[in-house]
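The values are calculated or read from the model by the stated rules, or taken from the named source; none is laboratory data. Given the structure is predicted, the values throughout are model-derived calculations rather than measurements. Quick reminder, even Gly has a Cβ in these numbers, built from the backbone with ideal geometry, and neighbours come from all protein chains shown. For the accessible areas, the whole protein counts, side chains as well, though only heavy atoms, and no ligand, DNA or RNA atoms are used. Shrake-Rupley method; radii C 1.70, N 1.55, O 1.52, S 1.80 Å.
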Amino acid sequence: MLHNNFSSFLLETGTDEAGRGCLAGPVTAAAVILPIDFKNSILNDSKQLSEKAREKLRPIIEQESITFAVTHLHPKEIDEINILNASMKGMQECVLKLTQTPEFIIVDGNRALNAKLGLKNTFGKKFTKAEIELLKSIPNQSIIKGDSKYLSIAAASILAKTYRDEYMDKIHEEFPMYNWKKNKGYPTQEHRDAIRKYGTTKYHRMSFRLLPEQLKLDI
C-alpha cells in the first residue's frame, strides 16, 4: 500500500519523469500535490499499470490534486545538458509551475531535486535568480523506487507517462516509419532498424547511441 506523505507537511509534492531511456522525443516530467487524505486503490507506479489503467487515472489525478504540472524537455536541450540534468531540470520546472508552492518535495530516484540549478543552457527555460533561490529553499528528499512507495510520486509518474505517450502519438503522424505510436521512442529493434533505413529526425537525441554499432552517425 502506498503512503500519502513522507514528511509532516500538508503541501508535499511528488515528482517523477518518463522517457529517460528513449532515443527520440522529450523527457517528460511531472509534479503533483495530492490532498493529505487522498485515496485510490488502483494508483501505483506507472510501469506497473496497463495503458488503460493509466488513462483512467489521469483525469482523476488532475481533478483531485491540489495542483499539478507537466513539462516536456526536448532533444536539443537533452543533447546540450545531458539526460540526467534534463530530467532533473524538467522536475524543477514543474515545481515552479505549481499554483501553490510546495513545503516539501519528494523525488523518485537517488538525486536531490535541487542538487544542480542554474545550468547555462542555450535551449529551453533559463531560471531566474529568484526561481533558483525558491527551489533551494524547499526541503526535499530523493527516494529510490519512490513511485512504488508514495502516492504523489506515483501520480506524477502517471501524468509524465500519459502526457509523453500522447506527445509521441502526435509526432508519429509526422514520421510514421519509426512507429513511435507503439515504441514511444524507446530503443526497440524496430525503431533502430528504421533509423538504419531512414536516418534521423529532429526528434532524435543525437547525443545518444542510436545504433549499437554507431561510431559516427551521418546527419
Check: What residue among ALA194, ALA155, ALA18 shows peak mean-square fluctuation when the chain is described by a Gaussian network model with Cα springs under 10 Å?
Finding: ALA194
Note to self: For the full complex of protein chains and a 1.4 angstrom probe, list ARG20, ARG205, ARG192 by accessible area with the highest value first.
What the structure shows: ARG20, ARG192, ARG205
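For the chain, give the share of DSSP beta bridges that are antiparallel, in percent and rounded to the nearest 5; count only bridges with both residues there. Working shown, then result.
Values: 14 of 23 bridges.
Within the chain, antiparallel bridges account for around 60 percent of the total.
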Next item on the list: Compute, for ASP37, the solvent-accessible surface of its heavy atoms (probe 1.4 Å) with the complete set of protein chains present, and express it in square angstrom to the nearest 10.
Entry: 100 Å²
Note to self: Helix-only estimate, please: 222 nm mean residue ellipticity of the chain, summing -39500 (n - 2.57) across DSSP H runs of length 4 or more and dividing by its residues, to the nearest 500.
What the structure shows: -11500 deg cm²/dmol
Check: On average, how much accessible surface per residue is there in the range 64-219, in Å², for a 1.4 Å probe, leaving out ligands, DNA and RNA?
Finding: 50 Å²
Check: With +1 on each Lys and Arg Cβ and -1 on each Asp and Glu Cβ, how big is the dipole of the range 64-217 about its Cα centre, in debye rounded to the nearest 20?
Finding: 500 debye
Notebook entry, point to check: Accessible surface of HIS172 in the full protein assembly, 1.4 angstrom probe, to the nearest 10 Å²?
Noted result: 30 Å²
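Pairs of Cα atoms under 8 Å, at least six residues apart: use those to get the relative contact order of the range 107-217, whole percent.
Averaging sequence separation for qualifying contacts and normalising by length gives 19 percent for the range 107-217.
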Item checked: Shape parameters for the chain, alpha-carbon atoms, Rg then Dmax in Å -> 17.5, 54
Notebook entry, point to check: Which angle from 0 to 90°, rounded to the nearest 10, does the C-alpha axis of helix 51-64 make with the longest principal axis of the chain?
Noted result: 40 degrees
Checklist line | Computed label-point distance, nm, for sites LYS136 and ARG209 using a 7 Å Cα→Cβ extension | finding: 3.8 nm
Next item on the list: Could you name the lysines whose alpha carbon sits less than 30 Å from that of LYS126, not counting residues in the same chain fewer than 8 places away?
Entry: LYS76, LYS89, LYS97, LYS116, LYS136, LYS145, LYS161, LYS170, LYS184, LYS202
Notebook entry, point to check: Which of THR162, THR15, THR128 moves the most in a Gaussian network model of the chain with Cα springs under 10 Å?
Noted result: THR128
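Taking all protein chains as present, what is the carbon and sulfur share of the accessible area of the range 107-171, in % to the nearest whole number, probe 1.4 Å?
It is 53 percent, rounded to a whole number.
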Checklist line | ARG196-SER50 pseudo-label distance in nm [points 7 Å out on the Cα-to-Cβ vector] | finding: 3.4 nm
Check: Which residue, chosen from PHE9, ASN85, LEU43, occupies the Cα position most advanced towards the positive end of the dipole of the chain, where the dipole is computed from +1 (Lys, Arg) and -1 (Asp, Glu) charges on Cβ about the Cα centre?
Finding: ASN85
Check: For helix 189-198, what angle does its Cα long axis make with the longest principal axis of the chain, in degrees from 0 to 90 and rounded to 10?
Finding: 50 degrees
Notebook entry, point to check: Where the centre of each part is set by its Cα atoms, how far does the range 1-78 sit from the range 83-116, in angstrom?
Noted result: 12 Å
Notebook entry, point to check: When the Cα centres of the range 187-208 and the range 132-175 are compared, how far apart do they sit, in Å?
Noted result: 24 Å
Notebook entry, point to check: When only the heavy atoms of the protein chains count and the probe is 1.4 Å, how do VAL70, VAL107 rank by accessible area, highest first?
Noted result: VAL70, VAL107
Notebook entry, point to check: If the cut-off is a Cα-Cα distance under 14 Å, which aspartates and glutamates reach LYS52, setting aside same-chain residues fewer than 8 apart in sequence?
Noted result: ASP165, GLU166
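Give me the net charge for the shell around ILE81: Cβ to Cβ below 15 angstrom, other residues only, Lys and Arg +1, Asp and Glu -1. Mind dumping the intermediate values first?
Details: positive: ARG20, LYS76, LYS89, ARG111, LYS116, LYS120, LYS125, LYS126, ARG205; negative: GLU17, GLU77, ASP79, GLU80, GLU93.
Value of the local net charge: +4.
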Margin query: Helix 151-172 against the longest principal axis of the chain: what's the angle in degrees, Cα atoms only, rounded to the nearest 10?
Written below: 30 degrees
Next item on the list: On the full set of protein chains, 1.4 Å probe, figure out the accessible area of TYR186 and give it in Å² to the nearest 10.
Entry: 80 Å²
